Amino acid sequence: MGIAPLVNPEGAGAASRRSLGNAIAGGMVVSTFLSLFMVPILYVVVVYSIALGNAIE
């Protein structure tokens, strides 16, 4: 919630603070998505490929 003043600024310099706030908020959303979805998916893929490789031998 601390980023809210940067995403919706008022007053002098609001345009530059809005751009900065959008970049920070977007980065937080992307990093959260990567942490919650992509890392577990990649883990399962790697473990499955290792298990499949061991089963072939």
Of all residues in region 18-42 being of a type in the set (A, V, I, L, M, F, W, C) and within 13 Å of residue 3 (Cβ to Cβ), the one that is modelled with the lowest pLDDT: 20
Tally, over region 5-36, of residues that are small (Gly, Ala, Ser) and open to solvent by 50 Å² or more (accessible area, probe 1.4 Å): 8
Residue check for residue 1: open to solvent by 80 Å² or more (accessible area, probe 1.4 Å), hydrophobic (A, V, I, L, M, F, W, C), out of contact with any His (no Cβ under 6 Å at 6 or more places or on another chain) and modelled with pLDDT under 90: yes
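The values are calculated or read from the model by the stated rules, or taken from the named source; none is laboratory data. Remember, predicted model here, so these are calculated numbers, not experimental data. For neighbour counting, all protein chains shown are included, and Cβ atoms are generated from backbone atoms with ideal geometry for every residue, glycine included. Surface accessibility is based on the protein's heavy atoms, side chains included, excluding ligands, DNA and RNA. Shrake-Rupley method; radii C 1.70, N 1.55, O 1.52, S 1.80 Å.
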